[in-house]
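Visitor: Just passing along the structure, written as structure tokens.
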Protein chains: 4
Amino acid sequence: MAQRGVNKVIIVGNLGQDPETKYTASGAAITNVSIATSETWKDKQTGQAQERTEWHRVVFFNRLAEIAGEYLRKGSKVYIEGALRTRKWQDQGGQDRYTTEIVANEMQMLDSRGGSDDSMGGGYQNAPSRPAPAQAPAQQGGGAPAYGGGRPQPAPAPAAPPAPDMDSFDDDIPF
Amino acid sequence: MAQRGVNKVIIVGNLGQDPETKYTASGAAITNVSIATSETWKDKQTGQAQERTEWHRVVFFNRLAEIAGEYLRKGSKVYIEGALRTRKWQDQGGQDRYTTEIVANEMQMLDSRGGSDDSMGGGYQNAPSRPAPAQAPAQQGGGAPAYGGGRPQPAPAPAAPPAPDMDSFDDDIPF
Amino acid sequence: MAQRGVNKVIIVGNLGQDPETKYTASGAAITNVSIATSETWKDKQTGQAQERTEWHRVVFFNRLAEIAGEYLRKGSKVYIEGALRTRKWQDQGGQDRYTTEIVANEMQMLDSRGGSDDSMGGGYQNAPSRPAPAQAPAQQGGGAPAYGGGRPQPAPAPAAPPAPDMDSFDDDIPF
Amino acid sequence: MAQRGVNKVIIVGNLGQDPETKYTASGAAITNVSIATSETWKDKQTGQAQERTEWHRVVFFNRLAEIAGEYLRKGSKVYIEGALRTRKWQDQGGQDRYTTEIVANEMQMLDSRGGSDDSMGGGYQNAPSRPAPAQAPAQQGGGAPAYGGGRPQPAPAPAAPPAPDMDSFDDDIPF
DNA sequence: TTTT
DNA sequence: TTTT
């Protein structure tokens, strides 16, 4: 029992600010970040370059929240995979409000080169497919894969196959 | 010039109601739908089955909006690919409010079998990567692909490779 | 430590044949299916409708393999999420060969309506991010989510925000 | 008419070598790269760190091929979105062989910081959803978006909603 | 080998 | 408001 339908978000962008990490009473970490993606285009009439930035609220739980809080910084470039979740809350006037967030279940830091001293830059993921927020610090896998000896081997770049016959490509297609 | 970062959403779910289609002054269609995804789990203490439904606002523009408005119905199952966009608006009290939507750029209808009379069930996509909302009815592709004669052939199922040696798999790994 | 980079495939298509399930010495299931996706277009010169079908080899392990083997059939429509894996093997002449497969880690059956007797149609996923093939029948989560009492509520469709002012859309843009 | 089903690949990884660009008789660029993703884990018995690298063949056409050929280098980190395509070819012995590639339709360079002088690092995409390989240098969109004056505004990070009541989270759930 |  |  898990999922009915698919609810998946993939974001690559930069943090607008340092992450903010809080802890639940039980000690589970919750980290929030704001990530920008943008698109640019030329205005058709003026020819001016235009830009529109979209800000994404991303929330991490448990072990992933700890990693995000520790390694991400304002300006960090990250890959995030997660699910959409719209929360209801009340404003001061008691009115219902809604906020849509991305609940992250995987993260890849993408600028280890530009980082200070971190020799890593890898990817992390939370336990799968449980309705977030989960509470206790996730016991992350620990799963030892244990390939058998005669397992299917990974495939080191095979010798390149002959290129398709490019001369036979249709020539005068204007697109 | 197009995108800085990645802003991608993939949804598979069912429409909660019939689509609503409007038209701009210039005749461009805009269709809104609400799509449900859900996750289910067993309550740890009570053992009771639990369910949480997430509702996604999806907006289509132009040609895709016309197709969505014509073929989708309450209960329809669809695959949607799009981008997140948060819009600002003012409520009656003049206060700023924000609504997050998925701007669809691809749609696949997934229940042609269960449908009434629709003899289709294929996929559609809008022109790529322009800041939505776009205005005029999209001139969809028109792109004629035109493979040359000697192009690389599609690959009909190759003879199955020998299965990996399964007996050598590690046996007693408890996960 | 899990992933460096992202290796993700998403497929929606139909099975060309019934699934084939095998078992390792340790009892772990391995199911193989072949899934078709296709694209259609009009030939630019002749105006003839064209179609190209792509066949995807998909392999499931453990619990997911059992479910796939039991519920999928020739013609079934499925959503698959997985990772690419290229395996090396030797043909009869002792030559190295390579086969690329999708190792599934999530599956959604998409045609419960059209199905025969299956009263389900939900989604399933394997344990995350361990190098496949894994061995023993996966102990799937068991994870009880356990929301606290005051947890953030799911958000039932908020009152619709006012539509963007469509009359102000640019009118005569020919795309 | 476009797609039946979904055939989508998302890769984030590093180039193993410099790209190789060729041109068709008609002048269309075709660029091939090999991109590594990897997963690491600890061997359950020995406790040794293990790593498995997957190599992905990626092919770009037209304008995207030119950009990839010009800006990517051995070691470059990229985000690629594309579709799987398995090509059939004959080896010297006349035997049928199959090679699976990712036909890229979007690319994001992810290491502008580490780059030499490139002040960019943005994303690019080819025209959508036409059966590749296409022939002539793609006329990329040219689509001017042209937002009207009163268009829905982007949403600058809204004031944070109150955090969910974390103290009420269930406390002693061991997962 | 699927699907429309 | 959907779906099972």
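Where a number appears in this text, it was derived from the coordinates with a stated rule and is not lab data. Values in this document were obtained by computation on a predicted structure and should not be read as measured data. We place every Cβ from the backbone using ideal geometry, glycine too, and count neighbours over all the protein chains shown.
Visitor: Report D for the range C:1-72 in µm² per second (integer): Stokes-Einstein, Kirkwood Rh on Cα pairs, 4 °C, 1.567 mPa s.
Guide: Stokes-Einstein gives a translational diffusion coefficient of 88 µm²/s.
Visitor: Can you tell me the dipole magnitude for the range A:1-62 around its Cα centre, using point charges on the Cβ only (Lys, Arg +1; Asp, Glu -1), in Debye to the nearest 20?
Guide: For this selection, approximately 280 debye.
Visitor: Which ³J(HN,Hα) values, rounded to whole Hz and listed in residue order, are derived for the range B:49-59 from phi using the Karplus coefficients 6.51, -1.76 and 1.60 in 6.51 cos²θ - 1.76 cosθ + 1.60 with θ = phi - 60°, glycine and proline given as x?
Guide: 5, 10, 9, 10, 9, 10, 9, 10, 7, 10, 10
Visitor: Further question: Put a point 7 Å out from Cα along the line to Cβ at residue B:43; what are the distances to that point in the other copies, in nm, shortest first?
Guide: For residue B:43, the inter-copy label distances come out at 4.7, 5.7, 6.3 nm.
Visitor: Mind listing the long-range amide H neighbours of residue A:54? Cut-off is under 5 Å, sequence gap 5 or more, other chains count too, H placed in the peptide plane at 1.01 Å from N.
Guide: A:37, A:38, A:39
Visitor: Show me C:60-67, A:67-74, D:85-92, B:90-97 ranked by packing, highest mean number of other Cβ atoms within 10 Å first.
Guide: Most protected by this proxy first, the peptides run C:60-67, A:67-74, D:85-92, B:90-97.
Visitor: Ok, one more. Where along chain A is the Cβ that lies nearest the axis linking it to chain B, and how many Å separate them?
Guide: Result for the axis mapping A onto B: A:100, 2.
Visitor: From the label point of residue A:20, set 7 Å along Cα to the beta carbon, how far off in nm is each other copy's matching point, shortest first?
Guide: 3.2, 5.2, 5.6
Visitor: Using the Karplus curve 6.51 cos²θ - 1.76 cosθ + 1.60 with θ = phi - 60°, work out ³J(HN,Hα) for each residue of the range A:26-39 in order, rounded to whole Hz, and write x for Gly and Pro.
Guide: With the stated coefficients, the range A:26-39 comes to 8, x, 7, 7, 9, 10, 10, 9, 10, 10, 9, 10, 8, 10 Hz.
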